[in-house]
Structures are given as C-alpha cells and as structure tokens.
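Student: I'd like to ask you about the structure that follows.
The values are calculated or read from the model by the stated rules, or taken from the named source; none is laboratory data. Worth saying up front: this structure is predicted, and the values here are computed from it rather than measured. Heads up, the Cβs are rebuilt from the backbone with ideal geometry, glycines too, and the neighbour counts pull from every protein chain shown.
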Amino acid sequence: MNRARRIITDRARASRHALVLQAPAWAVALALVLALPPALAQPRKVIVLDRIVAVVNDQVITRGDLDERVRLAAMQLKQQGAPLPPSAALERQVLDHMITDRAQLHLARETGLRVDDAELDRAVERIARENQLTPAQLRAVIEKDGIPYSKFREDIRSRIIVTRLREREVDNRIVVAESEIDNFIGTQQAQAGRGDEFNLSHILVTVPENASPEQIQARRARIERALEQLKSGADFRQVAAAFSEAPDALQGGSMGWRDADRLPTLFMDALKSLAVGAITPALRSSNGFHILKLNERRGSTAPVIVRQTHARHILMKANELVPEAEARRRLVSLKERLDNKGDFADLARGHSEDASNVRGGDLGWLSPGDTVPEFERAMDALAPGAVSEPVKTPFGWHLIQVLERRNEDMSRERQRLEARRILRARKSDESYQEWVRQLRDRAYIEYRLEER
C-alpha cells in the first residue's frame, strides 16, 4: 500500500461525471416519484446525488471529486510527517488546485491537445519501471489500494497534457539572450555565495493582475495570518498546506534543493543572513507575497569532473504504419549487418529517423542527463566500440554505439549551457505562475463549496 501511495499521491485524481440539476433536488425527486407506478412510488431508501462544489468553464467539480482529492492530500501530508491543517482550510486549498487543473485541461481540450492510448501505455510502462514493477504488478498495487485502474490511467493522461500545455504556452516562449548569459556568468563570478545551494520551503499568496487596493490588502492580510501562525510555533508544512497557493502547497511547501543562481534576487537578498531553520518576513514580488523557510544550506564545491561519452545511434520510430514490433525487427536486422562488419555511419545515414542521420548518427559528446534515462542506462553499460541490442525510449527504438569516453571539467561552452538552463528555469517558474493567474482570471469559475 505504501508503494501505491508513493505512485499516486503526487498526481491529481480525474473527476467523476456529475449531473447538473436545473431545478432544486427535492422538486426533481418529487416529480420522479409522482411519475412512478404506485408499486414503485414507495422507495425503501434515499439516494443522495453528488453535489456540485465548483464550476470551471463548462466542467463541474463534485463533492465526491473533492473528497477523494482531500483524502489523497491528507495521506500525502501524513507520509511526510506533517500535521494536517484544519479540514476547511485543506478542503479549500485542494479545491483551488483542482480548479487550476480544470482550467488548464479546458484550454488544452479547446486547442486540440491530446494524448493517445499508445502514448499513455508507454507512460504507464515508464512509471512501472521507475517503481521496479511490471505494468501488471503496477495495476495490482493500484487496485489493491482501492483506486480504479482506469482512473489512474486517465489521471496520468491529464498530467501529460498539463505538462505539454505548460511547455507550449510558457516554456517554448521563453527566450534567453546571449547578453543575459554574459551578465549572469559575470555576476556569478563577482558575488560570493552564489554557488551555494539552499533547501527551502515556501508559502505563496498570489495577487491578481491589476488588483485593487482592497484586494491587495486582503492578500497581505492572508500572508500575515500565515506568518503569525509560524511565529507562534506552527509547523511550516501545516501552514503551507492551509495558506499557500503555490503548486507545492500540498507537499508542505517544499521546494527541495535549489541552486542560488536559480533563485530570484528577492529571495537571495532575504536568504543572505538567514539562519538555518528560520523564516523570512513576508516578501512582495510581482506574483504576490512570499514566506521562505531555510531548511539547509550547503556551499559550493570544487569543480565537478564530468564523465562524458561520445556516442552515435540509429533510431527507428513506431507509428501507425510501422508498429513497435516491426520497428524493433528492422533494428535487429541492422544489428546483424553491423555484427558482420557493416559500417555504422552508412547504415545510420540510410536508415536512422532523426536529424543526426546526416552525421552518420553521431550525437557528439554527451554528459549525464543529456539523454533520456533509458538511453543513458543502455549507453553507460557499453564498452567503447560496442553496439547495443535494440533499446526502447519515448522516441522509438535505438541501436547505440559508444565511440569513446573521457573525464572532462566544465568547459566554457558547458558553463554557458548551464547558465542558459538556470536562466530558463528561473524564467519558467516565474512565467508559469503569472500564466496560471491570467488563465484563472479569464476562466468562468463559480464556487459552491459553502452551499448546503
């Protein structure tokens, strides 16, 4: 059961279909009773219909949907050893996250973003492998914990869609200029402590775009209430679960380890003199109000020597015309030719289905993390000169050959690539929060949680 909880608790549950009643429930029930034959007009039990607690555009969130998500959130907080916030606060927090999810899924559906069953199958297989299970074992674990396997699959589909929506609407629009990289590297070298890493927890109270003074004051009052509870000794995780509007709120606000370079200047300025275990005052940014807790801090270390691999590959993609078995069979045939002194570069130029084919499949020097885990594991297991058996990844089927290896210090080019990655991640975090806020502002949202 614990393994199933680890698999499912960081994923939102898919919603039930709800019946929207235009007339009061008692009136509909009475009409149904009056329409029944006399023998059926004397019910022996009362059937309670699922109540709607929120409307998001053309979708509804029911009491049952909310109760299930609250149960999972509470289970996750207990696994982390965090005390639960008041039930009403947790309920409202979970509902806000569900509303954000529904708004994103609505936009994805309206703009034609889909994930087909074949792709979903591959994602479920990866989840099973990551948990050292077969797909059949994963299904058994999920169902043993009382979760219908069909719901689990649809939730994974939703998570993939939301991730791709973020990539399309936010990440793919982020531009990092060369001048920004130059400034970043210069600042990093000039400032002491910028190589430090911080283990942080975070509370965010957002402020709407073009908020009125009254709205800003209400938001400020909310962050001050959270700060007051923290100063009174309340557990940070409990307060974050009750007050924070960040995506990590139901994980107790945990941000994990962050490089100093990935943190906004506002955060770094507040952390410079902060003791481990202490919290900041309320900080104001363009997104809203923040409170940070410094859990741990560690300094920069000596330059890391990176083990790099020079590799090439041949890629076969499965599609509607070429099923998985056929793509693999073609690679097996090519592997036989290679084993019989065939030229790898010539075969890659003639058969590989990616842009590296013009270079004979040459991928250049690869560092850890440059490729997907399935590819990297297979590549790392090869001796120089060896060719793998067909390897399956999300991109298709590969034959991989390792040409050589080296241990390399971070080169200037690599330093710039790392700087670009950090700047993109920083911009992505900030832009995503702003994009979500604007998406919610545009959506039709109706709360009915307080209705009885």
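Student: May I ask you to list the residues in the range 180-207 that are in a helix (DSSP H, G or I), in contact with a Leu (Cβ under 9 Å, 6 or more places away or on another chain), at pLDDT below 90 and not β-branched (Val, Ile, Thr)? Step through it out loud before you land on a result.
Tutor: Of the residues in the range 180-207, the ones in a helix (DSSP H, G or I) are 180-190.
Next cut, in contact with a Leu (Cβ under 9 Å, 6 or more places away or on another chain) only: 180-181, 184.
This time we only want the ones that are at pLDDT below 90, so: 181, 184.
Within the range 180-207, just Phe184 meets the criteria.
Student: Which fully enclosed helices (runs of 4 or more DSSP H) of the range 208-295 have 2 or more residues being more than 24 Å from Arg421 (Cβ to Cβ) and not assigned by TED's automatic domain parsing to the domain that holds Ala89? Write out each step before concluding.
Tutor: Numbers: elements: 213-231, 236-243, 265-271.
Passing ranges, in order: 213-231, 236-243.
Student: Now for a different question. Out of the residues in the range 352-372 that are without any contact (Cβ under 8 Å) to a residue 12 or more places away in the chain and exposed (fewer than 13 other Cβ atoms within 10 Å of the Cβ), state the one that is farthest from Val391 (Cα to Cα).
Tutor: The qualifying residue farthest from Val391 (Cα to Cα) is Val358.
Student: Next question, about the same structure. Among (1) under 23 Å from Asp101 (Cα atoms); (2) touching a His at 6+ places or on another chain (Cβ under 8 Å), which single condition is Ile291 missing?
Tutor: Here Ile291 clears every test but (1).
Student: If you don't mind, there's one more thing I want to ask. Give the residue, chosen from Ala103, Ala82, that is of a type in the set (A, V, I, L, M), part of a loop (DSSP other than H, G, I, E, B), in contact (Cβ under 8 Å) with a residue 12 or more places away in the chain and buried (at least 19 other Cβ atoms within 10 Å of the Cβ). Talk me through it step by step, then tell me what you get.
Tutor: Details: Ala103 fails: part of a loop (DSSP other than H, G, I, E, B).
Going through Ala103, Ala82 in turn, just one is of a type in the set (A, V, I, L, M), part of a loop (DSSP other than H, G, I, E, B), in contact (Cβ under 8 Å) with a residue 12 or more places away in the chain and buried (at least 19 other Cβ atoms within 10 Å of the Cβ): Ala82.
Student: Could you tell me which of the residues Ala118, Ala82, Ala89, Ala74 is aliphatic (A, V, I, L, M) and touching a Lys or Arg at 6+ places or on another chain (Cβ under 9 Å)?
Tutor: Sole residue among the options that is aliphatic (A, V, I, L, M) and touching a Lys or Arg at 6+ places or on another chain (Cβ under 9 Å): Ala82.
Student: Can you confirm whether the range 416-439 contains a residue that is surrounded by 17 or more Cβ atoms within 10 Å (Cβ to Cβ), touching a helix residue (DSSP H, G or I) at 6+ places or on another chain (Cβ under 7 Å) and without any contact (Cβ under 8 Å) to a residue 60 or more places away in the chain?
Tutor: No, every residue in the range 416-439 fails to be surrounded by 17 or more Cβ atoms within 10 Å (Cβ to Cβ), touching a helix residue (DSSP H, G or I) at 6+ places or on another chain (Cβ under 7 Å) and without any contact (Cβ under 8 Å) to a residue 60 or more places away in the chain.
Student: Scan Ile291, Ile314 and give me the residue that is buried (at least 17 other Cβ atoms within 10 Å of the Cβ), farther than 30 Å from Pro390 by Cβ and out of contact with any Lys or Arg (no Cβ under 7 Å at 6 or more places or on another chain).
Tutor: When all the criteria are applied, what remains is Ile291.
Student: Let me ask something additional. Out of curiosity, is Ala249 under 19 Å from Asn199 (Cβ atoms) and touching a residue at least 40 places away in the same chain (Cβ under 8 Å)?
Tutor: yes
Student: Same structure again: Please verify whether the range 316-336 includes one or more residues that are in a strand (DSSP E or B) and not assigned by TED's automatic domain parsing to the domain that holds Gln215.
Tutor: Our first condition is that a residue be in a strand (DSSP E or B); within the range 316-336, this holds for 316.
Pick out the ones that are also not assigned by TED's automatic domain parsing to the domain that holds Gln215 and you get 316.
For the range 316-336, residues in a strand (DSSP E or B) and not assigned by TED's automatic domain parsing to the domain that holds Gln215: present.
Student: Okay, next question. Just give me the residues in the range 129-149 being within 21 Å of Met75 (Cα to Cα) and either of a type in the set (Lys, Arg) or not in a loop (DSSP other than H, G, I, E, B) (or both), in sequence order.
Tutor: Leu138, Arg139, Ala140, Val141, Ile142, Glu143, Lys144, Tyr149
Student: Then there is this: Kindly indicate whether any position in the range 144-166 is assigned by TED's automatic domain parsing to the domain that holds Met75, surrounded by fewer than 16 Cβ atoms within 10 Å (Cβ to Cβ), within 30 Å of Ala419 (Cβ to Cβ) and without any contact (Cβ under 8 Å) to a residue 12 or more places away in the chain.
Tutor: For the range 144-166, residues assigned by TED's automatic domain parsing to the domain that holds Met75, surrounded by fewer than 16 Cβ atoms within 10 Å (Cβ to Cβ), within 30 Å of Ala419 (Cβ to Cβ) and without any contact (Cβ under 8 Å) to a residue 12 or more places away in the chain: present.
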